[in-house]
Amino acid sequence: MNEAKNLIYKWHEVVGSDDPLLLENIISEDAIFSSPVVFTPMEGKKITMMYLSAAGQSFNMEKFKYTKEIHDGLNSVLEFETYIDDISDLSTASTTIDLQTIANNNGGIDGDLGYANYSSEVSGVISFAGGIHNINWIDENDEPLVSIHGNNDGTVDYNCATVLGGSTPVNLSLCGSGEMHPRAESVNIINDHLLLNGSDHDWFNSGNGDSRFLDALDFTTDFLFPLLPCNQSTFTINQGLIKKEKIQSLDLLGRKNQNTNLLINIFDDGTTSKQIIIE
């Protein structure tokens, strides 16, 4: 136990300092970074340092504090409380945070990045091995829902269970596709889901190298395409007379500048196209 505490003491020095060398000195060359934020563990010292440094820059370190530590041999668990951009996601007994007002004062859901000409309204939900904390949050006013889920998922259960972070339970329960879609049906939401029989939570890790991932993309595309506004009415377009310009390319999570084999291209006339890069 003392060995674990000594290592954590060095980690506390890193957190309290702006010196990147302190972090470099305690990270092993074969370190592995695991987080719910990334789909698959990141291996290696360089990328582990990158993620840890990025997390530190996102937090308000003046209000960062550890609330609990558990040590067992070389294993340690640290629980912390922090703020992001001066907004705490922890409510207090005396204060209720008005998230809508906060969002409105900072440019709305899109922030102030300059996308004023594009709607921020949710048009649909795509869930790849995801879940929802309370299925009653799905109601008759919600947008279409499509999901892909393995019924042997040990991280986010196909039905309802506590989420697993690696081999450790996380203090969060989620209900997966097996519960979301019956609920969606009961409140008449357009929905569909692809069951990957016998699959765990790793079916998307290899991207296009896994046939299940490709099946998921095709299934999602087939579900969404008829729902696009351009497919809601009948009209004829002479493609030879139309000139359009690509304004950005995004991955399936809406991120720009990602090194991925699947991109969604967005054009200035509002149309989109799916681009699969085969190397």
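Considering only region 146-156, I want to know if a residue exists there that is surrounded by 10 or more Cβ atoms within 10 Å (Cβ to Cβ), over 17 Å from the mean Cα position of the chain (by Cα), in a helix (DSSP H, G or I) and at pLDDT 85 or above. Looking for residues that are surrounded by 10 or more Cβ atoms within 10 Å (Cβ to Cβ), over 17 Å from the mean Cα position of the chain (by Cα), in a helix (DSSP H, G or I) and at pLDDT 85 or above, one finds none in region 146-156, hence no. Under 7 Å by Cβ, and 6 or more places apart or on different chains, what pairs join a residue from region 10-31 that is under 17 Å from residue 50 (Cβ atoms) with one that is in a helix (DSSP H, G or I) and acidic (Asp, Glu)? Sorted first by the residue in region 10-31, then by its partner, the pairs are 22/13.
Summed over region 157-173, residues that are modelled with pLDDT of 90 or more and out of contact with any Ser or Thr (no Cβ under 8 Å at 6 or more places or on another chain) total 2. Of all residue pairs spaced 6 or more apart or on separate chains, those with beta-carbon atoms under 8 Å, a first member in region 210-233 that is over 14 Å from residue 145 (Cα atoms) and basic (Lys, Arg) and a second member that is surrounded by 15 or more Cβ atoms within 10 Å (Cβ to Cβ) and at pLDDT 90 or above are 212/196; 212/199; 212/203. Test residue 46 against the criterion of being basic (Lys, Arg), at pLDDT 80 or above and loosely packed, with under 14 Cβ neighbours inside 10 Å, and give yes or no. In short, yes.
Taking the numbered list (1) touching an Asp or Glu at 6+ places or on another chain (Cβ under 7 Å); (2) at pLDDT 90 or above; (3) surrounded by fewer than 18 Cβ atoms within 10 Å (Cβ to Cβ) in turn, residue 245 passes all entries but (2).
A search for C-beta distances below 6 Å between a residue of region 190-206 that is on the phi < 0 side of the Ramachandran plot and assigned to a loop (DSSP other than H, G, I, E, B) and any residue that is of a type in the set (Phe, Trp, Tyr) and modelled with pLDDT of 90 or more, counting only pairs 6+ apart in sequence or on different chains, returns 204/128; 204/213.
Only one of the numbered conditions (1) modelled with pLDDT of 65 or more; (2) surrounded by fewer than 11 Cβ atoms within 10 Å (Cβ to Cβ); (3) among the acidic types (Asp, Glu) is not met by residue 89, and that is (1).
The values are calculated or read from the model by the stated rules, or taken from the named source; none is laboratory data. The model shown is predicted, which means the values in this text are computed figures rather than measured ones. Methodologically, a virtual Cβ is constructed for each residue, glycine included, from the backbone with ideal geometry; neighbour enumeration extends over all protein chains shown.
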